[in-house]
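Quick note: the coordinates plus some simple rules give every number you see, no bench work behind them. Worth saying up front: this structure is predicted, and the values here are computed from it rather than measured. Cβ coordinates were reconstructed from backbone atoms using ideal geometry, including for glycine residues, and neighbour counts include every protein chain displayed.
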Amino acid sequence: MKLAGRYSKMQPSGMVKIFQAIEKMEGVLNLSIGEPDFDTEHDIVDAAARAAKEGFTHYPPLQGFLDVRVAVCDYWKRHHGLDATPEEVYMGVGGIQSPHLALQALLDPGEEVILVEPCFPPYFLQVENAGGVAVPVKTREENGFAPAAADLENAVTPRTRVLLLNSPCNPTGRVISREQMEEIAAFVARHDLFVLSDEIYESLIYKGGHVAFATLPGMKDRTLTMGGLSKSHCMTGWRIGYAIGPAELIRVMTLIAANQTYGLNTLTQKGAVWALEKQDAKLLERRKIFAERMDYVAGRLNKMKGVSCAPAEGAFYLFPSVKGTGLSSEKFVWQLLENAHVATIPGSAFGTSGEGYIRIACTQSLKTLTEAMDRMATFLDSL
Ligand SMILES: Cc1ncc(COP(=O)(O)O)c(C=O)c1O
């Protein structure tokens, strides 16, 4: 069998390599996994089961059921002040599908997409698959890993079409402040760009409130807000995401997806209606638990030799610097895994400005995190 040339040399990403290594090991404390450790609330499961018994077992509408799109609009209005109509919402298969479809819909061959890195690794290949060119803009810890205005300006060419943002950010866990967003918005307007704003971690924010990029003056018509229920409602396995943006873009994304996934699982959508309408108190509960864990882990990390960690801002990630150990991110992570059986992800797996950092997901109980930090401290003392 002959594979397509462009895929025949495909290798697992830095993140997948760690996941594959863990599968073969025993006794690993896994701080590499970007999903909440909580199961989906049972009343969400019940709502989906009820829908199945009521006969919601047929093909769904391609753009998503009207009730779930209304629930998405209500959720974003209630939490983030974003005005949208159901025509402006696409229900997709996981948060990961939205940037893929949007890039397919927006890019002509050779057009450029500015990626603020370190970032969620699939973006790179999604841009390439859409015939575009990814233009990474490096960020620095001193600036909270937000893109500096001068660096954005330097990245622009006449072919630049899209800026892809992600706040709260995977992997850094940092949040772009309102002031920084306003600077970015001015840049976007100046160069007539379109923004794909991945806000999948909007419910997990520990510093100020979440600012939806589309709510900044002049940005609604140039922004696709991308979210989902994987992280906010612990529904990773249900594979549900959505995109909110200009109706014409949503229309084309829906048509492209009709040739791919043909709609989102009906029961997932019905469970999501319940989740979006009835689970606000649970969001707050979980946010409190993640905040506690992250404060604890950051505190422990800052007492370790060669490590420094900024306080938690968003998502469930910490992104400590390990530069003081003299090891590269990769070496650090693999030695920590092999010697201490603690799994993390090298910052360099998310782009070159992640070098010198590691990603720690606080998606385990405080007990497991305590044990992991004990092991990591012992590992560092042994270096
Ligand atoms: C920034 C970001 N966007 C999108 C996704 C995809 O989420 P989903 O599991 O809903 O596809 C993730 C998952 O880790 C993520 O970190």
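Backbone phi angles across region 154-159, fed through the Karplus curve with coefficients 6.51, -1.76 and 1.60 (θ = phi - 60°), yield HN-Hα couplings of 5, 8, 6, 9, x, 8 Hz in residue order; Gly and Pro are listed as x. Remark on G92: its backbone amide H falls under 5 Å from those of G241, Y242, A243, a criterion applied only to residues 5 or more positions apart or on other chains, H modelled at 1.01 Å from N.
Counting only DSSP beta bridges with both residues in the chain, the antiparallel share comes to about 45 percent.
Simple spin-label estimate for H191 and Q11 gives 3.0 nm between the two label positions (7 Å along the Cα-to-Cβ direction from each Cα). Electrostatic tally near F379: other residues with Cβ closer than 12 Å to its Cβ, Lys and Arg +1, Asp and Glu -1, net -1.
Length available on full extension from K2 to E371: 0.36 nm per residue minus the Cα-Cα distance, which gives 128.1 nm. The eigenvalues of the Cα gyration tensor, multiplied by 5 and square-rooted, give region 176-295 an equivalent ellipsoid with semi-axes of 26, 24, 10 Å from largest to smallest. For the chain, the membrane-span-like helix rule (DSSP H, alpha carbon extent of at least 27 Å along the helix axis, mean Kyte-Doolittle at least -1.0) picks out 280-301; this says nothing about an actual membrane. Relative contact order of the chain, taken over Cα pairs closer than 8 Å and 6 or more residues apart, is 24 percent. Compactness check for region 245-383: Cα Rg over 2.2 N^0.38 Å is 1.39.
Between D37 and L255, the contour length at 0.36 nm per residue exceeds the Cα-Cα span by 75.0 nm.
Taking the square roots of 5 times each eigenvalue of the Cα gyration tensor of region 18-69, largest first, gives ellipsoid semi-axes of 36, 15, 11 Å. With the biggest extent put first, the Cα atoms of the chain measure 58, 54, 53 Å across the principal axes.
Across region 214-223, coupling constants 3J(HN,Hα) worked out from phi with the 6.51/-1.76/1.60 Karplus curve, θ = phi - 60°, read 5, 8, 6, x, x, 9, 4, 6, 10, 10 Hz, and Gly and Pro carry x. Compared with the rule-of-thumb size 2.2 N^0.38 Å for a compact globular protein, region 149-215 has a Cα radius of gyration ratio of 1.13. Between the beta carbons of A21 and E87, assuming R0 = 56 Å, the FRET efficiency works out to 0.75 to the nearest 0.05.
If you take all C-alpha pairs in region 76-156, what percent of them are over 20 Å apart?
Looking at region 76-156, the distances longer than 20 Å represent 49 percent of pairs.
If the limit is 32 Å between Cα atoms, which of K138/K220; K17/K270; K2/K270; K24/K53 go over it? Violating the 32 Å Cα-Cα cut-off are K17/K270; K2/K270; K24/K53. Fully extending the segment from N129 to F56 would add 22.9 nm, taking 0.36 nm per residue of separation and subtracting the current Cα-Cα distance.
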